[in-house]
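Written below as structure tokens is the structure these notes are about.
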Amino acid sequence: MSTALLDTIHSPADLRRLPQADLRKLAAELREFLLASVSKTGGHLSSNLGTVELTIALHYVFNTPYDRLVWDVGHQTYPHKILTGRKDRMGTLRQLGGLSGFPRRDESEYDTFGTAHSSTSISAAIGMAHAARVKGENRRAVAVIGDGALTGGMAFEALNHGGATEGAGPADVLVILNDNDMSISPPVGALNKHLARLMSGSFYDKAREGAKSVLKGTPLYEFAKRFEEHTKGMVVPGTIFEELGFTYVGPIDGHDLDALIPTLENLRDKKGPRFLHVVTKKGYGYKLAEADPVNYHGPSKFDPAVGLTKPTTPPKPTFTQVFGQWLCDMAAADERLIGITPAMREGSGLVEFEQRFPKRYHDVGIAEQHAVTFAAGLACEGLKPVLAIYSTFLQRGYDQLIHDVAIQNLPVVFALDRAGIVGADGATHCGAFDIAYLRCIPNVSVLTPADEAECRMALSTAFAQNHPVAVRYPRGAGAGRQPEAGLATWPWARGELRRQSGIGRGQGQRIALLAFGTVLYPALEAAEALDATVANMRFAKPLDGALVAELARSHDALVTIEEGCIAGGAGSAVGELLHALGIETPLLQLGLPDQFTEHGDPAKLLAMLGLDAPGIEQSVRKRFGSPLKLVKPAVND
């Protein structure tokens, strides 16, 4: 299909010069280009196919970037990127040095607020609206949020504030609910379109205010007011938003530009907090994605003519799959186990668990705070909750982790997926901080399995404890060690030696590499070149203090290696222990530096950060000299 019209759009200013009659053709070309582009790079697809018309309408009606447009989560912003001058760079999407898969302020002036986690858009847009008021600027602020993100409590906190009349008063903000699950209300055709236009325009306002002026002061006034609210609630499902102080409009068809544009124009020119409900369909315009929006949510490269296909050779099981199988096996063995996820059933590997144990499965929505305290409540009553959650998403429930779980020392297992480098999703999803933010909390333990087999044992070990324990594991597959059947556990707080240095006393510097997690394998490879000792530490907290002390006393230097932040991480724990023991063995800490990790291929990122085998070897030689092994003195004849 030709993209001749799309090729003329280099900014929203070009878009706004088009006659409205051309927008449907533009939408078709944009959707076709989007499908062709994402099929070559991989990335979020079904959500972006569903926002094509809404994106066109927003940039057509609003004066972006002067008017602020904030996208919640931001994985649905590919059409936005294409229309704002980044079309020619879409081939670099989510690659090192290329376009981000999410909005970023340092990427484009049209990305007014960086997003990737859920339920933040309304708060940001309200902040921008109040800033415009303070600065005397006549700019609009718009937040676009999905029905899934609306389950996050932060969204309702923002709605509660946005409509407040106290203090500075209500915000001049437009919140657009992109309802792409059709779970609230489907559009109802011409009548619905008519009602949306009527209620967003001046006629409805004038009629309402006129009736108020006539009836005010009579017994009919309160009756009419209640009748209006309840009648409107029967016509549209907006009562809750009206009660929060928002003028509610909708639902309207989010793929109908003839409905979207006049409705947005009406709402653009109104003041105060406004709420527009649009209904879209994930995968819209590509039948395969419409039929299976979950699998087309974030596909790898594929042929659009064929669709997604299964690989000819089965891939290695991922850590997520290992967790999912363990969860089912442990649930079968212990009826106290309850599985919890904050809206990440597929991503965290709970599909089979939900099918087999539906009464013990809880998807709490995008509500990490609630998920943690819900788990605490279960634990109080003698159950054994397992919360499957991404490393970066647990950050959103940090106070609950401390206040509700750790202080009460409750036996909650945190299965931390996406720990360490995540690749294409970048800084917002990189699990860099969990060791640091968990090990500083009393009563909380942190386990760092090195491979798939160890992951299963670590989970069983965590489940056997009577206090909070986190097990961190990365995205994707690891070394490929097949987990053994059964639910065997590790000895508590015990690491293991995996390689002994062959360098004897007086022959050279004896180096010990202390590996936490999957970095064990590049550490073992580097150790061959360095002839170094390697310890698989397994526990970031509590440390195997005896093993650390033994290695420190029998080696000339220690090197800690972790796929997490150096500041406050496992290496810091080793340094603190050495200091407490009065051991002055030199310590080199390798891990993620004090900066956010960009998006890109994980292997390339690890190499850039010096956490692959060559990088580890190079760092050790740079710090402790090369060659490490001293040449034996020559023997005189």
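The values are calculated or read from the model by the stated rules, or taken from the named source; none is laboratory data. This structure is a prediction, so every number in the text was calculated from the model and none was measured. Cβ placement follows ideal geometry from the backbone for every residue including glycine, while neighbour counts extend to all protein chains displayed. Keep in mind that these areas ignore ligands, DNA and RNA; they rest on the heavy atoms of the full protein, side chains included. Shrake-Rupley method; radii C 1.70, N 1.55, O 1.52, S 1.80 Å.
Can you pull the one-decimal nm distance between simple spin-label points at Asp303 and Ala13, each 7 Å off the Cα toward Cβ?
Simple spin-label model gives 4.4 nm for this pair.
Work out the FRET efficiency for Asp292 and Lys271 from their Cβ-Cβ distance, taking R0 = 60 Å, and round it to the nearest 0.05. Before the final figure, lay out the partial values.
Values: r = 43 Å, r/R0 = 0.71.
It comes to 0.90.
At 7 Å along the Cα-to-beta-carbon direction for both Gln595 and Asn138, put a label point, then send me their distance in nm to one decimal.
4.4
State the antiparallel share, in %, of DSSP beta bridges confined to the chain, rounding to the nearest 5.
Details: 8 of 64 bridges.
The answer is about 10 percent antiparallel.
Taking a virtual spin label 7 Å from the Cα of Ala546 along the C-beta vector, which residues in the range 477-517 bring their backbone nitrogen under 15 Å of it?
Counting backbone N atoms under 15 Å from the label point, the list is 491-497.
Tell me, what is the FRET efficiency for Arg553 and His467 to the nearest 0.05, using R0 = 22 angstrom and their Cβ-Cβ distance as r?
Numbers: r = 31 Å, r/R0 = 1.39.
Calculated value: 0.10.
Can you give the accessible area of Phe302, probe radius 1.4 Å, in Å² rounded to 10?
Per-residue accessible area (Phe302): approximately 30 Å².
How far is helix 23-41 tilted off the main Cα axis of the chain, in degrees rounded to 10, range 0 to 90?
10
Got a sec? What order do Glu107, Glu525 fall in by accessible area at 1.4 Å, biggest, i.e. largest, first? Please list the in-between numbers first.
On the way: Glu107 45, Glu525 120 Å².
Ranking Glu107, Glu525 by accessible area, largest first, yields Glu525, Glu107.
In this model, which of Lys316/Lys604; Lys25/Lys281; Lys87/Lys301; Lys40/Lys287; Lys281/Lys359; Lys81/Lys310 are farther than 26 Å apart at the alpha-carbon?
Working: Lys316/Lys604 20 Å; Lys25/Lys281 19 Å; Lys87/Lys301 18 Å; Lys40/Lys287 18 Å; Lys281/Lys359 30 Å; Lys81/Lys310 30 Å.
Over 26 Å Cα-Cα: Lys281/Lys359; Lys81/Lys310.
Quick one: accessible area per residue over the chain, 1.4 Å probe, rounded to a whole number of Å²? Walk me through the numbers on the way to the answer.
On the way: 26930 Å² over 637 residues.
Value for the chain: 42 Å² per residue.
Using only Cα atoms, tell me the angle between helix 153-162 and the longest principal axis of the chain; keep it within 0 to 90° and round to the nearest 10.
40
Going by a ≥ b ≥ c, the root eigenvalues of the Cα gyration tensor, does the range 386-489 fall in the rounded group (a/c under 1.5), the prolate group (a/b larger than b/c) or the oblate group? Walk me through the intermediate numbers first.
Values: a/c = 2.42, a/b = 1.11, b/c = 2.17.
Oblate.
What angle, in degrees between 0 and 90 and rounded to the nearest 10, separates the Cα long axis of helix 570-581 from the longest principal axis of the Cα atoms of the chain?
50
Between Glu354 and Glu381, what length in nm is gained on full extension when 0.36 nm per residue of separation is reduced by their alpha carbon distance?
Values: separation 27, 0.36 × 27 = 9.72 nm, distance 2.19 nm.
Length difference between fully extended and current span is 7.5 nm.
First compute the accessible area of the chain with a 1.4 Å probe, then give the percent of it belonging to carbon and sulfur atoms. Write down the numbers at each step before the final one.
Details: 14660 of 26930 Å².
C and S atoms contribute 54 percent here.
Kindly list the residues of the range 389-414 that lie in the label zone of Ala333, defined by a backbone N under 17 Å from the point 7 Å along the Cα-to-C-beta vector.
413-414
Can you show me the helix-derived [θ] at 222 nm for the chain, built from DSSP H runs with n ≥ 4 at -39,500 (n - 2.57) apiece and divided by the number of residues, rounded to the nearest 500.
On the way: 24 runs with 239 residues, N = 637.
That calculation yields -11000 deg cm²/dmol at 222 nm.
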